[in-house]
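J.: Quick one: structure below, then a few questions.
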Ligand code: FES
């Protein structure tokens, strides 16, 4: 029997579903500089004596004429000295390395870890890439915003915290991941977030690493492979090639 396929098509109800409610990055901040009162070329920047010595030592690692290879190190030193990289510091780096300012601008606008505005005494970064998103990074971000009283992309009123949304931090096996400056807090839940922020507020440094009790990225329920002691060197080798007596186990 011929059935007109156009007649049997049923109306499928439209399902609208959000895949993610992650905060958007302000993309114009990645490549546009606008002079402001606290970030313009007239504000002088100088390396401290110790940092200048450090930078000169790094530059010495590269052949004559290749000082530009120390650009990443120079920018990292600036960021560790004052917490962020203003335009005047970029100009200083260009001067010290004898490279065009444009080369420094390119670096600063390419690497998202380059902070081009002050991000607080503690820069709290919440990873929202897929593995962390699947493990609840949206809830973690919300908890961070509540604990710091600071929305993603902004600075808390006391300038203590700057909260940022970031992409994969390379610790997906311990998702969800929170990074405070250089310290990774992994396997975090909402309660951990509040504890971490509270400790920072009270002047302490919370212990970093997995918060779930894991040592690293091993299965949470214990090891499932490589459970036995490994054999000693020489194990299984034919008798004619070595000591005929069987090697003693190492443990
Ligand atoms: S996705 Fe979050 S650390 Fe890789």
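J.: Can you spot a residue in region 218-234 that is closer than 30 Å to residue 126 by Cβ and touching a helix residue (DSSP H, G or I) at 6+ places or on another chain (Cβ under 8 Å)?
T.: No, there is no match, as no residue in region 218-234 is closer than 30 Å to residue 126 by Cβ and touching a helix residue (DSSP H, G or I) at 6+ places or on another chain (Cβ under 8 Å).
J.: While we're looking at this one, here's another question. If you check residue 109 against the conditions, is it more than 16 Å from the ligand (Cβ to nearest atom), in contact with a helix residue (DSSP H, G or I) (Cβ under 8 Å, 6 or more places away or on another chain) and at pLDDT below 95? Even if it seems obvious, please write down each step before you answer.
T.: Numbers: more than 16 Å from the ligand (Cβ to nearest atom): yes; in contact with a helix residue (DSSP H, G or I) (Cβ under 8 Å, 6 or more places away or on another chain): yes; at pLDDT below 95: yes.
Yes: the conditions hold for residue 109.
The values are calculated or read from the model by the stated rules, or taken from the named source; none is laboratory data. Remember, predicted model here, so these are calculated numbers, not experimental data. Using ideal geometry, Cβ is built from the backbone for each residue, glycine included, and neighbour counts are taken over all protein chains shown.
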